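K.L.:
After the structure tokens below, expect a handful of questions from me.
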Amino acid sequence: MKRSLYFLGAVLLIIAGAIGIARAEFGTGGHGGWLHVGPGRFPAAFIAHELDLTDAQKTQIKTIWAAERPTIAPLLRQVLNGCNEMGSANSNGSSDEGKTRAIADRQAATISQLLVERQRLISKIYTEVLMPEQRVKADQLRERMHGRVEGFLDHMDQSAN
């Protein structure tokens with residue numbers, strides 16, 4: 001049970017990240033870039049603030065993102081298409097397990113690719129952009145975020161019992 005909750009949590013985080021990236025990519029509406037703090041902005045603004053990134057570092061990250069975007073954007077599109085396909089295949093309360101499983105298997109492969117690309121992006125930023133003291137802060141922030149997810153999952157476990 002706990003394993004399936006971890007998987008569900010990971011999928012939800014990926015989908016939230018995909019939505020955030022899509023909003024950052026398409027939803028700036030001329031009100032600034034994705035590293036700017038404000039309502040509805042991508043969580044990168046929070047991370048940039050927490051790590052006290054300089055303008056030069058923000059520019060470096062934007063350059064890295066621009067280079068990775070052609071690889072990541074199609075994967076995000078595939079995830080979105082899979083979600084839409086799943087909704088269509090299981091509309092009106094019907095459920096075809098064969099179709100559902102085939103869609104889920106394709107989604108799993110796409111999410112796997114997306115996770116690899118995400119880690120490549122994070123690693124590049126961590127090693128090429130962040131200063132040693134910012135790396136320490138980044139590690140602490142990651143631990144804090146993981147703790148929150150753990151707390152959420154623990155709460156879900158308790159609610160189920």
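The values are calculated or read from the model by the stated rules, or taken from the named source; none is laboratory data. Bear in mind the structure is a predicted one, so any value in this text is a computation, not a measurement. We place every Cβ from the backbone using ideal geometry, glycine too, and count neighbours over all the protein chains shown. SASA here: full protein model, heavy atoms, side chains in, ligands and nucleic acids out. Shrake-Rupley method; radii C 1.70, N 1.55, O 1.52, S 1.80 Å.
K.L.:
Which of the residues belonging to region 39-58 are of a type outside the set (A, V, I, L, M, F, W, C), assigned to a helix (DSSP H, G or I) and open to solvent by 80 Å² or more (accessible area, probe 1.4 Å)? Steps first, please.
P.N.:
Applying the first criterion (of a type outside the set (A, V, I, L, M, F, W, C)) to region 39-58 yields 39-41, 43, 49-50, 52, 54-55, 57-58.
Pick out the ones that are also assigned to a helix (DSSP H, G or I) and you get 49-50, 55, 57-58.
Correct list: HIS49, ASP55.
K.L.:
For residues that are small (Gly, Ala, Ser) and either touching a Cys at 6+ places or on another chain (Cβ under 6 Å) or assigned to a loop (DSSP other than H, G, I, E, B) (or both), scanning just region 82-102, find the one that is least open to solvent (accessible area, probe 1.4 Å).
P.N.:
Out of the qualifying residues, it is SER94.
K.L.:
Moving on. Just one of GLY38, GLY87, GLY27 is at pLDDT below 90, more than 22 Å from LEU114 (Cβ to Cβ) and not β-branched (Val, Ile, Thr); which is it?
P.N.:
GLY38
K.L.:
Of the numbered conditions (1) at pLDDT 90 or above; (2) surrounded by fewer than 14 Cβ atoms within 10 Å (Cβ to Cβ); (3) within 22 Å of PRO43 (Cβ to Cβ), PRO132 satisfies every one except a single condition; which is it?
P.N.:
With respect to (1) at pLDDT 90 or above; (2) surrounded by fewer than 14 Cβ atoms within 10 Å (Cβ to Cβ); (3) within 22 Å of PRO43 (Cβ to Cβ), PRO132 is out only on (3).
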